[in-house]
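Colleague: The structure under discussion is supplied below as structure tokens; questions concerning it will follow.
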Amino acid sequence: MIRVLICILALISCSSFAETIRYVDATALRNNPNNMYFVKVLELALAKAKKDTDTEWLQPLDVVITQKRQLIELKKQNIDVMWTMSSAQRDQQALAVPVPLAFGSYGLRLLVINKGDQHVFSRIEKAEQLKRLTALVGRDWPDKLILLDNGYRIDDSSNEELLYSVLQKENGHYFPRAVTEANSELSVLNNKQLMIAPRLVMQYPAIMYFYVRKGNLALAKKLTEGLNAALKDGSLEELFFSFEHHRKAFAAFDFTQAEFIQLDNRQLSASVDLEQIYQMQNRLIGNASKYLQSSH
């Protein structure tokens, strides 16, 4: 896999033009629609910031690599942009485009569980009870450090592609997934042994950013301008709810009956406005019903 990746990146690096914007998109390989939203956000931002003389086009790289590896390829100039949860560490590694892409939805975590544990999770009412169980996380995910900082037990021993398989076989575990991820991933898996725990939501301030290589100020400026324009005119929120799996996610989970378990996020840069993130999360939950009604 690594040898194939190196060859692909080398070919793309040699054949790319200055106006080409390269990014990793493993939507087809992962059989997962979540990445496609961020591709469409990228397209929207560029369209909003487009000048008459602009000639850039997007070039996807369909390969499964970790977020850590994407940051390396970004620094090597083999890709031009990536999207990931923001953290102070990542802000040191690359240049953040400081406009939230998904309205804080990645800080609204539903718990995917083994159906054999329904009785365990039905009795959970506070964080201390959840801390006795084990959260499955990816090795290089910011979520891992957020959970550890808040005193939660984690297991990062498995590759991220195998976490649902681990959950199917193990009791006493849960897999915290963003509200936009949990329902769509379970639909793709069609695994009758897994389910979303009713009622429970882990909430913390989390934001998805585009990142570009440090020094690529032109692309950062263009994306910032385009995203701010899309936020201001409402087209970014419309795009968010235009995705069927986003609408289905909010339709499938009853947030009016949710028990929110609050976590701090010490991984964010100190400059991030935490109150703004919470406001976005609350607005997202509140506006979901409006978009659900209009889609019928």
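Here is a yes/no grid of residues against (1) among the aromatic types (Phe, Trp, Tyr); (2) outside any helix (DSSP H, G or I); (3) under 30 Å from Gln77 (Cα atoms):
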residue: Lys214; (1), (2), (3): no, yes, yes
residue: Ala218; (1), (2), (3): no, no, yes
residue: Thr224; (1), (2), (3): no, no, yes
residue: Ala230; (1), (2), (3): no, no, yes
residue: Leu236; (1), (2), (3): no, no, yes
residue: Phe240; (1), (2), (3): yes, no, yes
residue: Ala251; (1), (2), (3): no, no, no
residue: Asp264; (1), (2), (3): no, yes, no
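Colleague: OK, next. State whether one or more residues within the stretch 229-248 are in contact with a Gly (Cβ under 7 Å, 6 or more places away or on another chain) and hydroxyl-bearing (Ser, Thr, Tyr).
Modeller: There is no residue in the stretch 229-248 that is in contact with a Gly (Cβ under 7 Å, 6 or more places away or on another chain) and hydroxyl-bearing (Ser, Thr, Tyr).
Colleague: A further question on this structure: Looking at (1) β-branched (Val, Ile, Thr); (2) over 27 Å from Val97 (Cα atoms); (3) within 14 Å of the chain's Cα centre (by Cα), which is the one condition that is false for Ile196?
Modeller: Result: Ile196 fails condition (3) only.
Colleague: Looking at the stretch 73-87, which of its residues are in a helix (DSSP H, G or I) and exposed (fewer than 15 other Cβ atoms within 10 Å of the Cβ)?
Modeller: Lys75
Colleague: Among the numbered criteria (1) within 21 Å of the chain's Cα centre (by Cα); (2) touching a residue at least 12 places away in the same chain (Cβ under 8 Å); (3) open to solvent by 30 Å² or more (accessible area, probe 1.4 Å), which single criterion is violated by Pro205?
Modeller: If we test Pro205 against (1) within 21 Å of the chain's Cα centre (by Cα); (2) touching a residue at least 12 places away in the same chain (Cβ under 8 Å); (3) open to solvent by 30 Å² or more (accessible area, probe 1.4 Å), just (3) comes out false.
Colleague: Check Arg139, Arg132, Arg199 and return the single one that is under 20 Å from Val64 (Cβ atoms) and not in a helix (DSSP H, G or I).
Modeller: After applying the criteria, what remains is Arg139.
Colleague: While we're looking at this one, here's another question. When you go through Lys221, Lys214 one by one, which is the residue that is without any contact (Cβ under 8 Å) to a residue 40 or more places away in the chain and basic (Lys, Arg)?
Modeller: Lys221
Colleague: Same structure again: Report whether or not Asp143 is open to solvent by 10 Å² or more (accessible area, probe 1.4 Å), at pLDDT 95 or above and among the charged types (D, E, K, R).
Modeller: When the stated conditions are applied, Asp143 does not pass them.
Colleague: Sort through Leu223, Leu239, Leu189, Leu162 and tell me the only one that's within 19 Å of the chain's Cα centre (by Cα), crowded, with 22+ Cβ neighbours inside 10 Å and not hydroxyl-bearing (Ser, Thr, Tyr).
Modeller: Leu223
Colleague: Can you spot a residue in the stretch 257-264 that is open to solvent by less than 40 Å² (accessible area, probe 1.4 Å), more than 25 Å from Lys131 (Cβ to Cβ) and either of a type outside the set (Ser, Thr, Tyr) or touching a helix residue (DSSP H, G or I) at 6+ places or on another chain (Cβ under 9 Å) (or both)?
Modeller: no
Colleague: Look through the stretch 266-283, keep the residues that are in contact with a Leu (Cβ under 8 Å, 6 or more places away or on another chain) and in a helix (DSSP H, G or I), and return whichever of them is least open to solvent (accessible area, probe 1.4 Å).
Modeller: That would be Gln281.
Colleague: Of the residues in the stretch 143-164, how many are assigned to a loop (DSSP other than H, G, I, E, B), without any contact (Cβ under 8 Å) to a residue 40 or more places away in the chain and in contact with a Phe, Trp or Tyr (Cβ under 9 Å, 6 or more places away or on another chain)?
Modeller: 1
Colleague: Does Lys131 satisfy the criteria of being under 19 Å from Arg266 (Cβ atoms) and in contact with a strand residue (DSSP E or B) (Cβ under 9 Å, 6 or more places away or on another chain)?
Modeller: In short, yes.
Colleague: Mind counting the residues in the stretch 31-60 that are over 21 Å from Ser184 (Cβ atoms), modelled with pLDDT of 90 or more and open to solvent by less than 40 Å² (accessible area, probe 1.4 Å)?
Modeller: 3
Colleague: Taking the stretch 108-140 only, how many residues are polar (S, T, N, Q), touching a residue at least 12 places away in the same chain (Cβ under 8 Å) and open to solvent by 30 Å² or more (accessible area, probe 1.4 Å)?
Modeller: Result for the stretch 108-140: 2.
Colleague: Is it true that Val64 is surrounded by fewer than 18 Cβ atoms within 10 Å (Cβ to Cβ), of a type in the set (Val, Ile, Thr) and closer than 30 Å to Asp254 by Cβ?
Modeller: no
The values are calculated or read from the model by the stated rules, or taken from the named source; none is laboratory data. Computed from a predicted structure; not experimentally measured. Quick reminder, even Gly has a Cβ in these numbers, built from the backbone with ideal geometry, and neighbours come from all protein chains shown. Heavy atoms of the whole protein, side chains included, go into the accessibility calculation; ligands, DNA and RNA do not. Shrake-Rupley method; radii C 1.70, N 1.55, O 1.52, S 1.80 Å.
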